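Taking it in order: structure first as structure tokens, then the write-up.
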Amino acid sequence: MDPVVLFFLLGVIARLVRSDLRLPEAMYEGLSIYLLLAIGLKGGVELAKHPVGPLLPQVGGVLLLGITLPLLAYPVLRYVGRFNRPDASSVAAHYGSVSMVTFAVAMAYLLERGISHEQYMPLFVVLLEVPGIVVGILLAKLGAERRVEWGALAHEVLFGRSIVLLTGGLVIGWISGPQALEPQAKLFFELFKAVLALFMLEMGLVAAGRIRDLRRTGLFLLAFGTIVPCIFAAIGGLVAQGIGLSLGGAILLGTLAASASYIAAPAAMRIAVPEANPSLSLAASLGVTFPFNVLVGIPLYHRVVGYLYGA
Amino acid sequence: MDPVVLFFLLGVIARLVRSDLRLPEAMYEGLSIYLLLAIGLKGGVELAKHPVGPLLPQVGGVLLLGITLPLLAYPVLRYVGRFNRPDASSVAAHYGSVSMVTFAVAMAYLLERGISHEQYMPLFVVLLEVPGIVVGILLAKLGAERRVEWGALAHEVLFGRSIVLLTGGLVIGWISGPQALEPQAKLFFELFKAVLALFMLEMGLVAAGRIRDLRRTGLFLLAFGTIVPCIFAAIGGLVAQGIGLSLGGAILLGTLAASASYIAAPAAMRIAVPEANPSLSLAASLGVTFPFNVLVGIPLYHRVVGYLYGA
Amino acid sequence: MDPVVLFFLLGVIARLVRSDLRLPEAMYEGLSIYLLLAIGLKGGVELAKHPVGPLLPQVGGVLLLGITLPLLAYPVLRYVGRFNRPDASSVAAHYGSVSMVTFAVAMAYLLERGISHEQYMPLFVVLLEVPGIVVGILLAKLGAERRVEWGALAHEVLFGRSIVLLTGGLVIGWISGPQALEPQAKLFFELFKAVLALFMLEMGLVAAGRIRDLRRTGLFLLAFGTIVPCIFAAIGGLVAQGIGLSLGGAILLGTLAASASYIAAPAAMRIAVPEANPSLSLAASLGVTFPFNVLVGIPLYHRVVGYLYGA
Amino acid sequence: MQTHARKLVVIITESALESMLVKDILTLGAHGYTICDVRGGGRHGAREAAWEADRNIRVEVICDDPTASAIAEHVRSKYALNYATTVFVADIGVLRPEKF
Amino acid sequence: MQTHARKLVVIITESALESMLVKDILTLGAHGYTICDVRGGGRHGAREAAWEADRNIRVEVICDDPTASAIAEHVRSKYALNYATTVFVADIGVLRPEKF
Amino acid sequence: MQTHARKLVVIITESALESMLVKDILTLGAHGYTICDVRGGGRHGAREAAWEADRNIRVEVICDDPTASAIAEHVRSKYALNYATTVFVADIGVLRPEKF
Ligand SMILES: Nc1ncnc2c1ncn2[C@@H]1O[C@H](COP(=O)(O)O)[C@@H](O)[C@H]1O
Ligand SMILES: Nc1ncnc2c1ncn2[C@@H]1O[C@H](COP(=O)(O)O)[C@@H](O)[C@H]1O
Ligand SMILES: Nc1ncnc2c1ncn2[C@@H]1O[C@H](COP(=O)(O)O)[C@@H](O)[C@H]1O
Ligand code: NA
Ligand code: NA
Ligand code: NA
């Protein structure tokens, strides 16, 4: 097993045995700022090597994927899970958006197995983060009496920390190119996997803390949080094939589709759809889908997508 | 543009669009402890290679420069800017002292262009930090009825965090020499520019936050904060020539003279001259001069000093 | 002198001159999480190269050492120092347990002198951390009317932060082996000594802050905190010889025996033996023994153990 | 010491509301506020500050009686239904009445 | 604004006690609590939060009168002897009495 | 529960004053204090703790009436003119009157 995953398990175990181990908040925030910037920079540096024109169709395909996923998740939540409208929309938004750390774990997975991928994939992380959230909010608001302040919301979503750092890194990497970023490479690229490992320790602590929420929300979320990602991964893999990504790229896009947001989406939904119960979505995305993806999902999606690609 | 500057701009933009991006306080403090120590160590390691005797005249010249600058700034603030005595003295103290991060950016600038400089320049950062503050306090207190507690003040200034870390690093570097510090070099020297980039992100956030203060304080500070640094840079360049520094050393000394303090000076002036309005000096040093130096000043001083040096 | 020690002295001096230099709490916590994990990983990676069977006798010897040390310290504290039972037991627990940072400094010391040692020594740090604390609690509770909640206590001690991180790192290193941890090596191994230096700065600040406590507690603790470590180091060296460790390993085991806990033991004793005065034990372990070991002890134990080993 | 009676309104709630809450408080007539990061527990379960979604703030406002009522009412009607919220009011004395 | 009288119990003590204290408070009948990291000084000397052993927390509990007495008494008898502890009680008003 | 009446003085001010303020408070007769890092806003604008110069602390002192007056007066005369400062006083009850 990848050490990154072992760090996650260490966090899970520490929490389950009720250890007093905690990462200070500032450290957690610092690590996540680092990861977001590093992923953005990495993508930007690669983008600098490509002509942008040919990417546009891919961009369109990915955006479409981001809009479709929450629309698929919503009816399942509403009619199978019998959630009320706000809760169903909120969970749909979380699964429509993506998890940057899951993406990073998948990148590490590919690296270790020597599977190459389009290096500008971080661009798609940015593209996939927002649409799912917007669609989720729309689902909640259609037919609701309360008016939504779209201006404030657009601001909240587009200028939220994670988008700003990812896009910022992307643009800086793109403008600077690999050579100018040479002195930054040591910190942002060489130490990446080790910092990711530390962050996974925190993720383990937090994810395990969500398990008790699950007991209250019952089996449905457990099923939803493991089955839906598999379906989404397959859809992501198909879209990847459609837009002409390599095997590695398709595994990453599949993993992105399968991943659920637990940073940007919770913050946005808390403001936009306050009547939704935040612990439902977090229990699912942090407590079920994140561990599932890290422990089981990524290798599984590798197989599924490999099958699609005939590899 | 140097990535370090791009990170600064990212911070500025994030703040201007009112993003919720913030570096946790502990991270900011940690980064600044790192930068101070690293600069000190770097200087100390180089000092270990030099006989100290021949440096003494240079030390004298630099100290003189530090005493002169606030005396030049004060009348401009008092009679052109029509500031009252405390405010004029406080701003003068800020511009008499120096900005360690501006210095670091200038070092990165030289490195990128392959311009060499006296490696013991960090010594001059230490030497220039204090005199400006002391002269500023004297200017405020001469003729004021309230007595100043010089003991407490000297303590505040000399044992303030930044002096202790810079001097501490310098001495440790000097005692240890390059070989003994080898295992520390990776962290303190190789990662330096990348950590500086992160710090510049924070500086961008904070500097942009000072802009609204500027609106209140009017155009004078804008003019003061851009014109005076240029003059000071030229003076610094002349002194550098006088004490026999290389071109690179002269650019650094010019930049130091042009830079304004926003850590040591605000802390000291808040205690020593409480009646001075702290947002005036911070708006000028953080909101005007720091961005000016980083974006425009350093290349400009390169030209001006280059002209002096006939290069 | 090793730069690591110079950073410690910088902290001591900064505190003695009452500088406002402080490491933010989150940074201190972050650094200590890093150090614990790194030491654990380092040990685990080495353990992966060894068959475990032959280590078992060594494990037994080390555990015996951990049980014996507090039993030796207790009568001295109780009858020479005239401490009451809770205070004597608490201090005995601190000296029965170990200091991970002292161990790290000793490792750095050996590295610099090119003295090799059994790379799985971190295992012994884990083994030595707990028994001393348990014996200390037993000493306090035997004959005390108040019942002790052993369950809660065992939990507190075994799942405390430092044990979880050390053991977690050990197991992750052991499972992964050197190759899989390659991408983590940069952060956890190459930067180790530099991060240790930063941590020593904080240790200096804190240790010097304990000196005023010493004035109240008098000369006995000063004597105890310097003489007992020397005796314990000799005992540790003998045990090392007994279980067949190399010279380097013996110096490390001696240093471990000589070191006193200031993280795990204080936390555990505060809960288990609340009537003990915590500033007594901290003044001794942090204010006397830690500086003594770092400045004088380690080289001394090198000599003593070297004498035992006829080297 | 002569003090002037004022109210202290304390609001403990989710930190996601900070910027909105500050705007509301100033709009409703208060001249200042003080905020502190806290953790806690109540009807909405433990909020241990271990994750961004789990952080609380404690907002303190010194103001006159009508403003206190307005703030407390406003928080109750706008936030208390959907957010983990606790509000209490205390009588305090201030030295410079013109400030609050 | 109609408020209902409740007590605010504030406990300032060593942070090592946090988890035990929370358990005790909820057992004694309070429905919530709010905790803040603080530093301070008193009979036990300065506790400057510079070291793990030197950290204080400030626990705030809103509750009815009997619960307040029970908590204050409990803290006094169980912790005040051996731990740096400060307890005080204030009269406050709450809007939603059923919550506390 | 029998409590003894004391005053709680709360000072919210710039963190640069911390060490001086603590010295003053103890000199004026208080036996302890508790400090918390806060942010806030008031007459001196928003103090968002984003920069060293922008940090506030909240100092809490439990003491008897005359000490409370002395502290409040002292803060008003020495600091309130030039520093962002807020002071308020509340009536509280303590269990161990000899401590304060
Ligand atoms: N009885 C109480 N005393 C003190 N703080 C409380 C109390 N009840 C709730 N809180 C705080 O208010 C927050 C929200 O409360 P609730 O909506 O009841 O979950 C909690 O997370 C606590 O920080
Ligand atoms: N008079 C006081 N006013 C405010 N806080 C106090 C006071 N006395 C003690 N404290 C707080 O309570 C903690 C423990 O007090 P003590 O047991 O007196 O050392 C101190 O560290 C302070 O944080
Ligand atoms: N009305 C108020 N309620 C609560 N806190 C206040 C109030 N006014 C000021 N403060 C706090 O006191 C600090 C200084 O206030 P000022 O001098 O008015 O800027 C502010 O930064 C706030 O933290
Ligand atoms: Na998704
Ligand atoms: Na200057
Ligand atoms: Na020991």
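The values are calculated or read from the model by the stated rules, or taken from the named source; none is laboratory data. Please read all numbers here as calculations on a predicted model, not as lab measurements. Cβ sites come from the backbone with ideal geometry, for glycine too, and all protein chains shown count toward neighbours. The protein model used for the area step is the full one, side chains on, heavy atoms only, and it has no ligands, DNA or RNA in it. Shrake-Rupley method; radii C 1.70, N 1.55, O 1.52, S 1.80 Å.
Right, E:ASN82: in contact with a Pro (Cβ under 7 Å, 6 or more places away or on another chain) and open to solvent by less than 40 Å² (accessible area, probe 1.4 Å) or not?
Yes, satisfied.
Looking at segment D:26-54 only, could you name the residues that are more than 14 Å from chain E (Cβ to nearest Cβ) and either within 16 Å of ligand 6 (Cβ to nearest atom) or closer than 24 Å to F:ARG55 by Cβ (or both)?
D:LEU26, D:ALA30, D:HIS31, D:GLY32, D:TYR33, D:GLU52
Which of the residues belonging to segment B:131-168 are modelled with pLDDT of 90 or more and out of contact with any Leu (no Cβ under 7 Å at 6 or more places or on another chain)?
Scanning segment B:131-168 gives B:ILE133, B:VAL134, B:GLY136, B:LEU138, B:LEU139, B:ALA140, B:PHE159, B:ILE163, B:THR167.
So is F:ARG96 away from chain E (no Cβ under 11 Å), basic (Lys, Arg) and surrounded by fewer than 22 Cβ atoms within 10 Å (Cβ to Cβ) or not?
no
Select from segment E:22-58 the residues that are within 20 Å of C:ILE271 (Cβ to Cβ), in a strand (DSSP E or B) and among the polar types (S, T, N, Q) and list them in ascending order.
Matches in segment E:22-58: E:ASN56 only.
Right, D:ASP64: of a type in the set (Asp, Glu) and out of contact with any Phe, Trp or Tyr (no Cβ under 9 Å at 6 or more places or on another chain) or not?
No; evaluated as a whole, the condition is false for this residue.
Checking A:PRO75 against (1) part of a helix (DSSP H, G or I); (2) modelled with pLDDT under 95, only one condition comes out false. Which one?
(2) is the only condition that A:PRO75 fails.
Can you name every residue in segment B:191-230 that is under 22 Å from the mean Cα position of the chain (by Cα), open to solvent by 20 Å² or more (accessible area, probe 1.4 Å) and free of Cβ contacts under 8 Å to residues at least 40 places away in the same chain?
Of everything in segment B:191-230, those that are under 22 Å from the mean Cα position of the chain (by Cα), open to solvent by 20 Å² or more (accessible area, probe 1.4 Å) and free of Cβ contacts under 8 Å to residues at least 40 places away in the same chain turn out to be B:ALA223, B:ILE227.
When you look at A:ARG270, is it part of a helix (DSSP H, G or I) and out of contact with any helix residue (DSSP H, G or I) (no Cβ under 8 Å at 6 or more places or on another chain), yes or no?
no
Looking at C:ALA311, C:ALA233, C:ALA250, C:ALA240 in this structure, which one is over 30 Å from E:HIS44 (Cβ atoms), away from chain E (no Cβ under 14 Å), surrounded by fewer than 21 Cβ atoms within 10 Å (Cβ to Cβ) and not polar (S, T, N, Q)?
C:ALA311
List the pairs whose first member sits in segment B:171-187 and is more than 9 Å from chain C (Cβ to nearest Cβ), whose second member is in a helix (DSSP H, G or I) and open to solvent by less than 70 Å² (accessible area, probe 1.4 Å), and whose Cβ atoms are under 6 Å apart, counting only residues at least 6 apart or on separate chains?
From segment B:171-187, the pairs are B:TRP174/B:GLY44; B:TRP174/B:LEU47; B:PRO178/B:VAL45.
Check C:ALA267 against each of (1) open to solvent by 40 Å² or more (accessible area, probe 1.4 Å); (2) more than 17 Å from the chain's Cα centre (by Cα) and name the one condition it does not meet.
Among (1) open to solvent by 40 Å² or more (accessible area, probe 1.4 Å); (2) more than 17 Å from the chain's Cα centre (by Cα), the lone unmet condition for C:ALA267 is (2).
What pairs come out if I take residues in segment C:3-20 that are under 12 Å from B:ARG161 (Cα atoms) and pair them with residues that are open to solvent by 10 Å² or more (accessible area, probe 1.4 Å) and aromatic (Phe, Trp, Tyr) whose C-beta lies under 8 Å away, six or more apart or interchain?
C:ALA14/B:PHE159; C:VAL17/B:PHE159; C:ARG18/B:PHE159; C:SER19/B:PHE159; C:ASP20/B:PHE159
Looking at C:VAL91, C:VAL98 in this structure, which one is assigned to a helix (DSSP H, G or I) and open to solvent by less than 60 Å² (accessible area, probe 1.4 Å)?
That would be C:VAL91, the only listed residue that is assigned to a helix (DSSP H, G or I) and open to solvent by less than 60 Å² (accessible area, probe 1.4 Å).
So is A:ALA284 crowded, with 20+ Cβ neighbours inside 10 Å and under 17 Å from the mean Cα position of the chain (by Cα) or not?
So A:ALA284 passes the test.
So which residues in segment E:47-74 are under 16 Å from E:THR13 (Cβ atoms) and more than 15 Å from ligand 1 (Cβ to nearest atom)?
Correct list: E:ARG47, E:GLU48, E:ALA49, E:GLU52, E:ALA53, E:ASP54, E:ARG55, E:ASN56, E:GLU73, E:HIS74.
Run E:SER19 past the list (1) in a helix (DSSP H, G or I); (2) touching a strand residue (DSSP E or B) at 6+ places or on another chain (Cβ under 8 Å); (3) of a type outside the set (Phe, Trp, Tyr); (4) farther than 25 Å from F:HIS4 by Cα and report the number of the one that doesn't hold.
All conditions are met except number (2).
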